[in-house]
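Scroll down for the structure; my scribbles are underneath it.
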Amino acid sequence: NGAVPGERGKQEKSVKRGNWGNQIEFVLTSVGYAVGLGNVWRFPYLCYRNGGGAFMFPYFIMLVFCGIPLFFMELSFGQFASQGCLGVWRVSPMFKGVGYGMMVVSTYIGIYYNVVICIAFYYFFVSMTRVLPWTYCSNAWNTPDCMGVLDGNVSSQAALNLTRLLNTTQKRTSPSEEYWRYWGRGRGRGWWWWCRGPADAGCSSCRRYVLDLSDDIGNLGEVRLPLLGCLGVSWVVVFLCLIKGVKSSGKVVYFTATFPYVVLTILFVRGITLDGALTGIMYYLTPQWDKILNAKVWGDAASQIFYSLGCAWGGLITMASYNKFHNNCYRDSIIISITNCATSVYAGFVIFSILGFMANHLGVDVSKVADHGPGLAFVAYPEALTLLPISPLWSILFFFMLILLGLGTQFCLLETLVTAIVDEVGNEWIIRRKTFVTLGVAVAGFLLGVPLTTQAGIYWLLLMDNYAASFSLVVISCIMCVAIMYIYGHRNYFKDIEMMLGFPPPLFFQICWRFISPAIIFFILVFTVIQYRPISYNDYVYPAWAISIGFLMALSSVICIPIYAIYKVCGSEGDTLLERLKNATKASKDWGPALPEHRSGRYAPVFSPSTESNLEAQPLQLEKGRSEAAAASPVQGSNGSAHSQDSRL
């Protein structure tokens, strides 16, 4: 378990903060945190778009040189100090703004991520029927452009001409797409284009399904009550699972982190038995080696590794802070990182086997049905499921898998915020009332998520997804690497890891942390800036004021770093600016292992002069001093051995 020989008698658990019940709980929680919705709805799309199997080469190169080193750094950082994303910055107090930036990012992600989970809950509930509601075009909310693959109104001749219809200017809309967003195809026309007034028989039921999308991000419309109810269910589930912190969530992850793999395997076995599945899988894997020389492919690979592992969110530091001090986090970082990437590759087989079957059924190329993001999860894949026998069963399994994948990440996001608050206050009163802090954060998250359940909610959700957690994460991660390796000092950090694990970090990781990983992070930042395009959703282009709000959200996390740095420098001791900078960046006295049993070497407690003078006065009464020394209780030394007070004197 990574324990250092000769330290069996030392306490490994923090009674005040709590610890994981066992190491499996930590590994499963971290896997659930890293393996999220992006592994299912983003990676497969990136893979086929960037050269299929050829994309795997830059993907795994970035995993080895950037993903695993950063993952190991954050785990070791949190485990050594046993503190959340704020407390760890005792290592260099001037950079505590990095921790606040992580909190801001986790807040944004936690708000919109639970809205995605609530939509998955909604689809999960409506799938409990004999016929999926997005199977046919005979519903009140469908438009004349709707054409379902199983619609009874479609004649055999129309089915033969479906390929030609897809290529015409009047684009086919599927029942699953209309069920998802319900927005007319006309320019600037919203739901009212098809519902032409109260006299229309279907108008009363038109404004009923899922998004009921408005025509503009500024037109919030009404709150979608079914989504609001599902959002409440999502937050209640998250709160109940975290009601006792890691003690309760550590038990829940035995199911939430493992069952998605059961569902993936069931869907994979079902998918590869379908006609056209091999075509879809070949479309996913066939290498296009000429694309390897494209810088965009390497940029997408680096970005996907960086974002999918959850680096710079604060969650990795928080989860590792509940480990035992001598846990082998080096081994854990490799296991979790490889599991995350293998899951992404495996999910691609599941997705493209079904999409290949759908493309074969429609007689079109796989690229016509392939999609990513919400378009894949709530439009393309649900439509493909309607082609399967007992389609409600497969739909229930698929959306239940999405719910569990989302919850695994959401647990860590909420725990990151709660742990940061509790550790920062740090007194017994708030530690005993940690459950109420969790409840308060959950209620605040629910209230802030309500606007995302309105008719314009999907616009705001995508705006937050594209801006709140994009380049700001790259900046935070880069500054964290620089602060630890060059401000605190790489030699000091390597000694800390050696004291914790019993061995220094391997030479490869030392080189990556100091040179390679920061360079790759900087490359991701440059790539993100160069490849920036204003956000759009299908045919809707976001207005300038909305994009400005997006940039403000991105800056709100990064701006914490210079603001807190200025505050800390101004409050530090020193006559000159240079002295203030040195004092602000110097590790605080309480930096180091949290438990006294582990504070050895340069972290060993030092006796004050007053204590030493008292001890020196004792031998004046020689006989009494000897008798007291014989009965004195042993004192734990810096090397773990026991000494009496007299022998230490």
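The values are calculated or read from the model by the stated rules, or taken from the named source; none is laboratory data. For clarity, every value in this text was computed on a predicted model and none was experimentally measured. Cβ: placed from backbone, ideal geometry, glycine included. Neighbour counts: every protein chain shown. Accessible surface areas use protein heavy atoms only, side chains included; no ligands, DNA or RNA. Shrake-Rupley method; radii C 1.70, N 1.55, O 1.52, S 1.80 Å.
Please work out the FRET efficiency for the pair residue 604 and residue 448, using the Cβ-Cβ distance as r and a Förster radius of 45 Å; give the result to the nearest 0.05. Please report the intermediate quantities before stating the final value.
Values: r = 46 Å, r/R0 = 1.02.
Using R0 = 45 Å, I get an efficiency of 0.50.
Residue 219 to residue 563: extension gain in nm, 0.36 nm per residue of separation minus the Cα-Cα distance? It would help to have the intermediate numbers written out before the result.
Details: separation 344, 0.36 × 344 = 123.84 nm, distance 3.46 nm.
Full extension of this stretch gives 120.4 nm more.
Among 335-347, 537-549, 296-308, how do they line up by average Cβ neighbours within 10 Å per residue, starting with the highest? Provide the component values of the computation, followed by the final result.
Values: 335-347: 19.8, 537-549: 13.7, 296-308: 22.1.
Result, highest mean Cβ count within 10 Å first: 296-308, 335-347, 537-549.
Starting from the Cα of residue 295, move 7 Å in the Cα-to-Cβ direction to define the label point; list residues of the stretch 494-530 whose amide nitrogen is under 13 Å from there.
Residues 523-530 qualify, since their backbone N sits under 13 Å from the label point.
Using 0.36 nm per residue, how much length does the chain from residue 570 to residue 597 gain when fully extended, once their Cα-Cα distance is taken away?
Stretched fully, the residue 570-residue 597 segment lengthens by 6.2 nm.
Going by average Cβ neighbours within 10 Å, how do the peptides 502-512, 526-536 rank, with the highest at the top? Intermediate values should be presented prior to the final figure.
Working: 502-512: 15.5, 526-536: 12.3.
Top of the packing list down: 502-512, 526-536.
Could you give the length gained by full extension between residue 262 and residue 530, i.e. 0.36 nm per residue of separation minus their alpha carbon distance, to one decimal place?
Details: separation 268, 0.36 × 268 = 96.48 nm, distance 4.00 nm.
Length difference between fully extended and current span is 92.5 nm.
Can you list the residues, at least 5 places off or on another chain, whose amide H is less than 5 Å from the amide H of residue 537, using H built in the peptide plane?
542
Could you state the accessible area per residue of the stretch 356-436 in Å², with a 1.4 Å probe and every protein chain left in place?
Details: 2590 Å² over 81 residues.
Solvent-accessible surface per residue comes out at 32 Å².
With the calculation restricted to Cα positions, what are the radius of gyration and Dmax of the stretch 467-617 in angstrom?
22.1, 85
Set the Förster distance to 41 Å, then compute FRET efficiency between residue 582 and residue 255 from the Cβ-Cβ distance, nearest 0.05.
It comes out at approximately 0.20.
Could you rank the peptides 64-73, 267-276 by their average count of other C-beta atoms within 10 Å per residue, with the highest value first?
Working: 64-73: 24.0, 267-276: 17.0.
Output ranking for 64-73, 267-276: 64-73, 267-276.
Would you mind checking which residues have amide H under 5 Å from residue 454's amide H? H placed 1.01 Å from N; only 5 or more apart, or other chain.
The answer is 224.
Starting from the Cα gyration tensor of the stretch 249-297, take the square roots of the eigenvalues, sort them a ≥ b ≥ c, and report rounded, prolate or oblate (rounded when a/c is under 1.5, otherwise prolate if a/b is larger than b/c, else oblate).
Numbers: a/c = 6.75, a/b = 1.54, b/c = 4.40.
Verdict is oblate for the stretch 249-297.
Please label the shape of the stretch 251-409 as rounded, prolate or oblate, based on the square roots a ≥ b ≥ c of the eigenvalues of the alpha-carbon gyration tensor (a/c under 1.5 means rounded; beyond that, a/b larger than b/c means prolate, else oblate).
On the way: a/c = 2.46, a/b = 1.45, b/c = 1.70.
Because a/c hits 1.5 or more and a/b fails to exceed b/c, the stretch 251-409 counts as oblate.
Using a 7 Å offset from the Cα along the Cα-to-Cβ direction at both residue 57 and residue 486, what is the distance between the two label points in nm, to one decimal?
Using points 7 Å along Cα→Cβ, the separation is 3.2 nm.
Provide the FRET efficiency to the nearest 0.05 for the residue 436-residue 367 pair, computing r from the beta carbons and using R0 = 51 Å.
Details: r = 52 Å, r/R0 = 1.01.
Using R0 = 51 Å, I get an efficiency of 0.50.
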